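The values are calculated or read from the model by the stated rules, or taken from the named source; none is laboratory data. Bear in mind that the values here come from a model prediction, so they are computed numbers and not experimental data. Here the Cβ positions follow ideal geometry from the backbone for every residue, glycine too, while neighbour counts run over all protein chains shown.
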């Protein structure tokens, strides 16, 4: 009887976790696209034995640290890290991930803590979004320079930062970039060179007039 009660208690505490998915301490659901997982703890969750390594969306909202091989063996469509208190990211935190199509970093106070650690994703990531990271006109150039090896990048989003003038030549290294989003900044003037671009989102900035010089180097 006592064993039955204990087992009942255990499953009651884990009703929000689908046993097909890794990270059983997080909330998760499972369907034909894979697992959708939400982790709200400050500590990185232990990776439990999984039935399916396909992750449709994996979200973290309160992390303080990301350990070595945190995503090893996973096939992730979207990874969202929305954590303003991240203090430590291991050098090999993103090593051995099998797939990561879309990376979203949001509300990260110390964005530089990620800069070197994510370079290992340069050959697999297709979409990258950075929001509320405190990027300025100077730091955004350094950020873009660090992405020169991301040959597969098709979509780049830099929103809710502190950009007033945005100037960059994407033609040399960003041959596959099709979509650029720089909305929700304070941009007054931009000078973007990108011949392959099909979509440019400049919504909610301080641009009062589009001079033709701003569009000369766009398709």
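Just a few scattered comments:
- Taking the criterion of being surrounded by 14 or more Cβ atoms within 10 Å (Cβ to Cβ) and within 21 Å of residue 104 (Cβ to Cβ), the residues of the range 169-181 that qualify are 170, 174, 177, 178, 179, 180, 181.
- Evaluated against (1) within 29 Å of residue 109 (Cβ to Cβ); (2) part of a loop (DSSP other than H, G, I, E, B); (3) at pLDDT 95 or above, residue 144 falls short on exactly one condition, (2).
- Cβ separations smaller than 7 Å between residues 6+ apart or across chains give no pair from the range 201-219 residues that are more than 25 Å from residue 176 (Cβ to Cβ) to residues that are modelled with pLDDT under 80 and surrounded by 10 or more Cβ atoms within 10 Å (Cβ to Cβ).
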